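Report on the structure given below.
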Amino acid sequence: MALTDLTAEQAVRAVTAGETSSEELVRAYLERAEHDDWHSFLAIDRDGAIDRARVIDAMPERPPLAGVPIAIKDALSTRDLPTTAGSRILEGFHPVYTATCVARLEAAGAVVIGKTNMDEFAMGSSCENSAYGPTLNPWDVSRVPGGSSGGSASAVAARQAPWSLGSDTGGSIRQPAALCGIVGLKPTYGAVSRYGLIAFASSLDQVGPFARTVRDAALLLQAMVGRDPMDSTSLEWPEPIVLPSAERLDGVRVGVIEELMGEGIEPGVRIACQAALDHVESLGGTLVPIRLPHAHHGLATYYLIAPAECSANLARFDGIRYGRRALDAEDLLEHYERTRGEGFGPEVKRRIMLGTFALASGYYEAYYGTAQRVRTRIVEDFEVAFADVDVLASPTSPTVAFPIGERTGDPLAMYLSDVCTIPVSLAGLPSLSIPCGLSDGLPVGLQLAGPALSENRLLDIAHALETAIGFDAVPAGVAA
Amino acid sequence: MSTTWEAVIGIEIHAQLLTRTKMFCGCELSFGDPPNTHTCPVCLAHPGALPVINREAIRLAIIAGHALGCEISERSVFARKNYFYPDLPKAYQISQYDQPICGPGRFRYLTPDGEQTLGITRAHLEEDAAKLIHLGAEGRRAEAEGSVVDFNRGGTPLLEIVTEPELHTGAAAAAFLKQLRQTLVHLGITDGSMEQGSMRADANISIRPAGTVGLGTKTELKNMNSFTFLERGITAEIARQTALVEGGGRVAQETLHFEPTTGRITSLRSKEQAHDYRYFPEPDLLPVVPDRAWVAEILAALPELPITRRERWMRDLRLTFEDAEVLADPPELGDYFEQVAALAPPKSAANWVRGDLRAQLRERDQEPWQSGVTPDALADIIAMAESREISMPSAKAVLTHVIDHGGAPRDVVAKLGLGAIQDESELMTLVDRLIADNPVQAQQMREGRDKLVGFFVGQAMKATQGRADPARIGELVRERVSAG
Amino acid sequence: MIDEHVTRHVARLARLRLTDAECDRMQAELSAILTYIEQIQELNLEGVPPTTHAIPMENVVREDEPTPSIPSELALREAPEVHGGGFAVPRMG
Ligand SMILES: [Zn+2]
């Protein structure tokens, strides 16, 4: 068995038991990360990673994460390590500080090996919007890995890292996790500090783990969760995150979102999800059909709120304090317009335009204001649902991984990739995707969502289901 | 038939708050330090950095709201105000929009004509812009065209106060601003320095035919950095608008700049005319809902408002408006005065503090409350002078001595032998000798030139080195001259 | 529904230079997206308050205690152009 076949939890145990070292693990993963057939990585920090691994190996006692390597989405600020958020406008940028979540993982003994590819500023569902070229799906290199955290998902699927960090605004962890056949967790909004996460839509952005197992995802969340004085929206976490161990679902009520199990969902996806849900009953739980009357307005709502916030969040990229600037501008206006016109890609410009429009004088109430009110309705729908059930289930993505180029010409078709994940994001709820089977040889993800702060219960339910489903397929190109 | 015009003026004040750190990050506030030495990822708007509200700024805004007579909002919300400018690193200013921390109210203040009030529309918190330094303008280096930004000031907490358009003259605007400044400084909200830009005022000005109620097109006059310039700027703008309208023209809505050296008003029209700030609630910050108990605690700990203090002095201590105005500013002077007035007749205390004490200390670059003259000492000097134990000139000499060498005033009097001559026969002998030595003047007095009594008093003071009581000497001179 | 004039105005507000071709395309794409989005304008939202934060919280503040600033060399390190300790700005038109 290769070192890279170990789950992160197993790797931590092996290092702690002295069966292997952090340096050996880091070298094994660096080897795979550097043979990057899928373009998972934008930057690899070989020397730094080995140095940190040696420091951990020299410690009298292993820290909790024991020097196990990790890959970090390029949307997270890492001091002195290139950070571009997949954008040309940040080419060559070296942050002066490290994001809180990354600093916490490092303090717990994780070793960052590199930065992963992503849709520019996390805007996209396919990783095709990276200014540095797309990431390919390890299950089929003619297909997308999903997005925006495509590189973090493919790195874990391709065993270039045992786990990784992504960020999820409308589905950017869960959807690529589904398309790459791994676990992806978007915690409750505020569970993980956003300080150092390059903002896309501040009221929706949340950092979370990609892993091969639900327990690994829980282990990573455990080391990051909780209040950060640098992020006003971060939450004081009421209880420690515990590694899930449930085997049964006795008394658990799983709500199946009716609106997301019918029309618009690919038959292969629906069948795989239904098969997974059948396990709920065999484990002692109950399936309950649930309606979310405003869920189908989620996409429209999201595509006003997220662009509006991003139009302001991305205004700081003006070529004065960092990043690229257009050369030889005649005056300030030209400087701004060309720096930004040349530095941003088409999808980013589209969303900035959409958001600027939605906030503009004369349009605000009809667009942004209306979206904020629909958001209230969506939040209320979930409140009603969770009065009746413990978790909600649906497919994570309406389709399996789609061919590269299929949706790039049609923004709306691309946006529909996140139709299942967006309502949960708007409500700020914890949610994860677990692999639940294959459709035509491509992985399908099952999305589970719980009430705010219910991570421990959600992880327990997901772990029991994951065990029952027993998904153990590995992409053909990845097998050793 | 000619129309008379009435001006309608509203003021917007930006006051930097006296916090230690910036509005949304922990960088220390500074003045005059080398550029970009007080910055961090937050105030440089580095990717991923987030703001966190400074609690002290909220506290100061609540105090200000109270002094302005405003309601303190139960819930206030920060908003992003979007525009691009190099001094605004996020390209949005975190400000407040439809839910400011202080709601409407009326500010009460005193003028020589009595109490005035001015409607306050709102007061809200925001962050200051950074400093742009124009290289070309200073002609430093030919090749150094363009500008540079220093972010030390960027993110300083600001309180923006907006008044109702209820003022009608530049003088009234300046009078209001003076009282507002005094109040804010007194409460420790701002240092109020208009020269250094820690307090800035803009005026919205329009004119209308006197007696009508509508509002004409307004112009915004920016950044007048003294009371005098504010008054002169507004007066000039009213004159400009009046001349324009009377000449058949129309006032254009624009932003204007008053050039104090020339008295000219110029337009600040920029390329980007159509501002659309696209305000929306700041998602990185949470609403501020001041706890009632906390607000009560803040207000309970407040010193007396300047207006209340001055009203009390005028009512209870019978000070004039002018005495009260002068003594209330700065607050430390008012505190000092109160301590003296508790030990000496208030009117005399006011005269001494405003007059001799400040005059003598000013030459030495000192302030009363920092000087060696304790309120007790000054009260002693006043008491000795009032009871004629020492003469006025001696009292001033004692004060000088206490300032320069310290000591208790009574000891100083004894040491310098300044005690007034109380012995009547000694004074009589002196007066007789002076009459004998100056027969011409004595004769003229007898012939009715009573004014010459002053001459003899002067001579007596000289001869006794100020230890004679001038009033008693005068009486004795009149007595003995007529007797002779 | 969103014409060239509005597209250009919004691009100016956002400080994005668009070529004529980009502008045409942007106008068409935004129109299509907005047509989809406008479904929510049909909803009856009377009396429904807006949501900015899905997880309601309030009064998160920090004490007025200084934390270290970064050295100016670090502040200026990533700047495309620096003059005398300041961030250089192109000529202000
Ligand atoms: Zn700072």
Problem set entry | Nearest-0.05 FRET efficiency for B:Thr117 and B:Ala471, computed from C-beta distance (R0 51 Å) | 0.60
Seminar exercise, completed: Phi angles of segment A:101-114, converted by Karplus (6.51 cos²θ - 1.76 cosθ + 1.60, θ = phi - 60°) into ³J(HN,Hα) in whole Hz with x for Gly and Pro, give 5, 5, 4, 5, 5, 5, 5, 7, x, 7, 10, 6, 9, x
Exercise. Taking the Cα atoms of segment B:195-249, what is the range of coordinates along each of the three principal axes, in descending order and whole Å?
Worked result: 39, 21, 16
For this session: Would you work out what percent of the accessible area of the protein assembly as shown, with all protein chains in place, is carbon or sulfur (probe 1.4 Å)?
Result: 51 percent
For this session: Give, rounded to the nearest 20 debye, the magnitude of the charge dipole that segment B:5-294 has about its Cα centre when Lys and Arg contribute +1 at Cβ and Asp and Glu contribute -1 at Cβ.
Result: 80 debye
For this session: Can you find, among B:Gly192, A:Val15, B:Gly65, the residue farthest towards the positive end of the dipole of the protein assembly as shown? Put +1 on the C-beta of Lys and Arg, -1 on that of Asp and Glu.
Result: B:Gly192
Exercise. Average partner chain C-beta neighbours within 10 Å, per residue of A:76-83?
Worked result: 1
For this session: Scan around B:Cys102 for amide H atoms under 5 Å from its own, H built in the peptide plane at 1.01 Å from N, and keep only partners 5 or more places away or cross-chain.
Result: B:Ser73, B:Ala123
Seminar exercise, completed: Long-range share for the protein assembly as shown, i.e. C-alpha pairs more than 48 Å apart as a percent of all pairs, stands at 41 percent
For this session: Give the whole-number value, in cubic angstrom per residue, of the convex hull volume spanned by the C-alpha atoms of chain A.
Result: 135 Å³
Exercise. When only alpha-carbon atoms count, how far does segment B:1-122 stretch along each of its three principal axes, as whole angstroms with the largest first?
Worked result: 62, 37, 32
Exercise. If we count every other residue with Cβ under 9 angstrom of A:Val391's Cβ, Lys/Arg +1 and Asp/Glu -1, where does the sum land?
Worked result: +1
Exercise. Just counting partner chain Cβ atoms within 10 Å, what average do the residues of peptide C:40-49 show around their Cβ?
Worked result: 5
Exercise. Dipole size in debye (nearest 20) for chain B around its Cα centre, Lys and Arg Cβ +1, Asp and Glu Cβ -1?
Worked result: 580 debye
Seminar exercise, completed: Expressed in µm² per second, the diffusion coefficient of segment B:314-408 from the Stokes-Einstein equation, with Rh the Kirkwood radius over alpha carbon pairs, at 20 °C and 1.002 mPa s, is 162 µm²/s
For this session: Using packing as a proxy for protection, rank A:422-430, A:105-113 so that the peptide with the highest average count of other Cβ atoms within 10 Å comes first.
Result: A:422-430, A:105-113
Problem set entry | From the C-alpha gyration tensor of chain B, square roots of 5λ in Å | 57, 28, 22
Exercise. So which of A:Lys115/A:Lys349; B:Lys90/B:Lys218; B:Lys178/B:Lys396; A:Lys186/B:Lys81 end up more than 28 Å apart by C-alpha?
Worked result: B:Lys90/B:Lys218; B:Lys178/B:Lys396; A:Lys186/B:Lys81
Exercise. Quick one: net charge of A:Gly255's neighbours, Cβ under 10 Å, K/R +1, D/E -1?
Worked result: -1
Seminar exercise, completed: Placing each pseudo-label 7 Å from Cα in the direction of the beta carbon, B:Ala483 and B:Ala171 end up separated by a distance in nanometres of 5.6 nm
Exercise. Ranked highest first by average number of other Cβ atoms within 10 Å, how do A:122-129, A:264-271 line up?
Worked result: A:122-129, A:264-271
Seminar exercise, completed: segment A:236-288, convex hull of Cα, quarter of hull surface, nm² -> 5.6 nm²
Problem set entry | Viscosity 0.692 mPa s, temperature 37 °C, Stokes-Einstein D of segment B:5-294 from Kirkwood C-alpha radius, µm²/s | 162 µm²/s
Problem set entry | Paired Rg and Dmax values of segment B:424-483, which use every Cα atom, in angstrom | 10.2, 30
Exercise. Applying 1/(1 + (r/R0)^6) with R0 = 56 Å to the Cβ-Cβ distance of A:Glu342 and A:Met1, what FRET efficiency is obtained, to the nearest 0.05?
Worked result: 0.70
Exercise. For C:Val82, which sequence-distant residues (separation of 5 or more, or a different chain) have an amide H within less than 5 Å of its own amide H, given hydrogens modelled in the peptide plane?
Worked result: C:Ala88
Problem set entry | Cα-projected label distance for A:Ala476 with C:Tyr36, points at 7 Å along beta-carbon direction, nm | 3.3 nm
Seminar exercise, completed: A correct Karplus calculation of ³J(HN,Hα) over segment A:351-367, with 6.51 cos²θ - 1.76 cosθ + 1.60, θ = phi - 60°, whole Hz and x for Gly and Pro, returns 6, 4, 4, 4, x, 4, 4, 5, 9, 5, 3, x, 10, 3, 4, 5, 10
Problem set entry | Accessible area buried, both sides summed, chains B and C with 1.4 Å probe, Å² | 3400 Å²
Problem set entry | Selected from A:Cys101, A:Ala155, A:Ala177, residue furthest toward positive end of dipole (segment A:92-250; charges at beta carbon) | A:Ala155
Seminar exercise, completed: Each residue of B:25-35 has, on average, a number of other protein chain C-beta atoms within 10 Å of its C-beta equal to 4
For this session: Report Rg(Cα)/(2.2 N^0.38 Å) for segment B:349-484, keeping two decimals.
Result: 1.23
Exercise. Any idea how far apart C:Asp24 and A:Asp47 come out in nm if each label point goes 7 Å out from Cα toward Cβ?
Worked result: 5.1 nm
Problem set entry | If the convex hull is drawn through the Cα atoms of segment A:3-244, its volume per residue in Å³ | 108 Å³
Problem set entry | FRET efficiency for A:Glu19 and B:Asp404, using Cβ-Cβ distance with R0 set to 51 Å, rounded to 0.05 | 0.05
For this session: Take each of the peptides A:394-407, B:189-202, B:428-441, average the number of other beta-carbon atoms within 10 Å over its residues, and list them starting from the highest.
Result: A:394-407, B:189-202, B:428-441
For this session: Run a plain Debye calculation on segment A:296-372 (Cα atoms as equal point scatterers, no solvent) and give log10 I(q)/I(0) at q = 0.11, 0.25 Å⁻¹, rounded to two decimals, same order as the q list.
Result: -0.34, -1.07
For this session: Normalise the Debye intensity by I(0) for segment A:65-199, one equal point scatterer per Cα, no solvent, then take log10 at q = 0.15 Å⁻¹ and round to two decimals.
Result: -0.63
For this session: Work out the length of the dipole vector of the protein assembly as shown about its Cα centre, built from +1 on the beta-carbon of each Lys and Arg and -1 on the beta-carbon of each Asp and Glu, and round it to the nearest 20 debye.
Result: 2140 debye
For this session: Using just the helices of the protein assembly as shown, give the 222 nm mean residue ellipticity in deg cm²/dmol: DSSP H runs with n ≥ 4 each add -39,500 (n - 2.57), and the total is spread over all residues, rounded to 500.
Result: -11000 deg cm²/dmol
Exercise. In 5 Å bins starting at 0, how do the alpha-carbon pair distances of segment B:1-73 split up by percent?
Worked result: 3, 12, 15, 17, 14, 11, 9, 6, 4, 3, 3, 2, 1, 0
Exercise. Which of the lysines could a cross-linker span from B:Lys451 if the Cα-Cα distance has to be under 25 Å and same-chain partners fewer than 8 positions apart are dropped?
Worked result: B:Lys462
Problem set entry | Computed over chain C, Cα set: Rg, Dmax in Å | 22.4, 58
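The values are calculated or read from the model by the stated rules, or taken from the named source; none is laboratory data. Quantities reported herein were computed from a predicted structural model and do not represent experimental measurements. Positions of Cβ are generated from backbone atoms using ideal geometry, with glycine treated the same way; all protein chains shown enter the neighbour counts. These area figures cover heavy atoms from the full protein model, side chains too; ligands, DNA and RNA do not enter into them. Shrake-Rupley method; radii C 1.70, N 1.55, O 1.52, S 1.80 Å.
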